[in-house]
Amino acid sequence: MGGIVYHANYLKFIERARSAWVRDLGIDQNAMRAAGTIFVVRRVEMDFLAPARFDDVLEVETRTITVTAARLVMEQTVTRGTERLLQAVVTVVCVGPSGQPVRLPLLLRP
């Protein structure tokens, strides 16, 4: 049975949605990188609820669950129409040039 989206591709889908979400908040990730700070994924939990098929039109919704000075936890849902295909919880942190944790940008902090 072919035509089902490979499971690892969902990571790409939710990554693109997170990048767009951060951009929509007014955070310039290129400027962050130039200043020596980047976002990194610390943890991902994914529940595959139904398969996506090639040529499906998918949407990804991103919402904040928890924000601290140094950590952002988001829930991301991939849907096809009204059907939920994937539910993910993603923890993101920022790191500096040597990989040490640093505070999140002000626009994200509580």
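The values are calculated or read from the model by the stated rules, or taken from the named source; none is laboratory data. Since the structure is predicted, the reported quantities are computational estimates derived from the model, not experimental observations. Glycine gets a Cβ as well: all are built from the backbone with ideal geometry, and neighbour counts include every protein chain shown.
Just wondering, is there one or more residues in region 75-83 that are surrounded by 13 or more Cβ atoms within 10 Å (Cβ to Cβ), of a type in the set (Gly, Ala, Ser) and either under 16 Å from the mean Cα position of the chain (by Cα) or at pLDDT 95 or above (or both)?
Our first condition is that a residue be surrounded by 13 or more Cβ atoms within 10 Å (Cβ to Cβ); within region 75-83, this holds for 75-80.
Checking which are of a type in the set (Gly, Ala, Ser) leaves us with none.
For region 75-83, residues surrounded by 13 or more Cβ atoms within 10 Å (Cβ to Cβ), of a type in the set (Gly, Ala, Ser) and either under 16 Å from the mean Cα position of the chain (by Cα) or at pLDDT 95 or above (or both): absent.
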Are there any pairs with C-beta distances below 6 angstrom linking a residue in region 19-38 that is within 21 Å of residue 62 (Cβ to Cβ) to a residue that is of a type in the set (S, T, N, Q), with the two at least 6 apart or on different chains, and if so which? 21/62
For region 5-18, how many residues meet the condition of being without any contact (Cβ under 8 Å) to a residue 60 or more places away in the chain, surrounded by 11 or more Cβ atoms within 10 Å (Cβ to Cβ) and among the aliphatic types (A, V, I, L, M)? 3
